[in-house]
1. Scan the range 85-108 for residues that are charged (D, E, K, R) and either within 9 Å of the chain's Cα centre (by Cα) or within 23 Å of Phe219 (Cβ to Cβ) (or both) and jot them down.
2. What residue, of Phe171, Phe210, Phe185, is aromatic (Phe, Trp, Tyr), crowded, with 16+ Cβ neighbours inside 10 Å and more than 13 Å from Ser115 (Cα to Cα)?
3. Conditions: (1) at pLDDT below 95; (2) under 24 Å from Gln42 (Cβ atoms). Lys225 meets all but one. Number of the miss?
4. Mind telling me which of the residues Ile15, Ile94 ends up being closer than 21 Å to Ile227 by Cβ and crowded, with 20+ Cβ neighbours inside 10 Å?
5. Determine if the range 29-52 includes at least one residue that is of a type outside the set (Phe, Trp, Tyr), over 20 Å from Phe219 (Cα atoms) and outside any loop (DSSP other than H, G, I, E, B).
6. Need a quick list: helices (runs of 4 or more DSSP H) entirely within the range 110-212 having at least 2 residues that are at pLDDT 95 or above and either farther than 30 Å from Lys233 by Cα or not charged (D, E, K, R) (or both).
7. Which one is farthest from Ser24 (Cα to Cα), of the residues in the range 57-74 that are assigned to a strand (DSSP E or B) and under 12 Å from the mean Cα position of the chain (by Cα)?
8. For Asn37, are the conditions met, namely being touching a residue at least 40 places away in the same chain (Cβ under 8 Å) and either under 21 Å from Ala117 (Cβ atoms) or surrounded by fewer than 23 Cβ atoms within 10 Å (Cβ to Cβ) (or both)?
Amino acid sequence: MAKRILSYQNKDFEIAYEYLSNHSDKNMIFLHGWGSNKELMQSAFKNTFKAFNHLYIDLPGFGKSANDTILHTKDYAHIIEAFLSLIKIDADVIVGHSFGGKVAVLLDKEVILLSTAGILEPKPLKIKLKILLAKALKTLGIKGNFLRSKDADNLNSGMYETFKNVVNEDFSSIFANFQKKASIFWGISDRATSLDSGEKISKLIKNSRFFALTGDHYFFLNQGKKIEELFYKDI
């Protein structure tokens, strides 16, 4: 593992990463989902896509990349762009899981999307009631931390505000305007980002292919080889 410091909007960000060379002239960048880290992505894909060098990155606020600054998804994309420029690596394909997929589509490169977030889905009644209760407690000056989403557990104040910034973003127009190739993979039993959302994203991205595989939101963990095989299919 290595770390590099870059400056973005007058703040320093220390980015942890792992670069695996396959002696190629092409690079594949891996961006994990919310609450995850580069090791998870590496465990799934380190033995695949040997035609590319691999770059695994801990996004700010996750893994070994500390962060307490309030950010939006577009900030993550700008930070990754600046980081790639800093280490002098050009991205040929970007693999993004969930939140990482949203960052990936903002980088204007060919993408492999894994159960990507960005389509707003109806909230279950239980979540709606939690939101109403949290608002009621806030008006009474009572902290409702116990009502937080599991995705917000153990976050510092900056990352909690970042979570609130990114969790309800509608990326429909961004998907619709995306011009690069997209290979989209989804877990049939995904409850975090529904299969319907994946199909909508595929319809919105003009130059895309859609593959539904067995599994949940982390379906890719034991299907890296299958994803590689389907990626090269009919190219």
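1. Lys102
2. Phe171
3. (1)
4. Ile94
5. no
6. Numbers: elements: 125-139, 157-166, 172-177, 195-204.
Output list reads 157-166, 172-177, 195-204.
7. That would be Phe62.
8. So Asn37 fails the test.
The values are calculated or read from the model by the stated rules, or taken from the named source; none is laboratory data. The shown structure was predicted, so the numbers you read here are calculated from the model rather than taken from an experiment. Quick reminder, even Gly has a Cβ in these numbers, built from the backbone with ideal geometry, and neighbours come from all protein chains shown.
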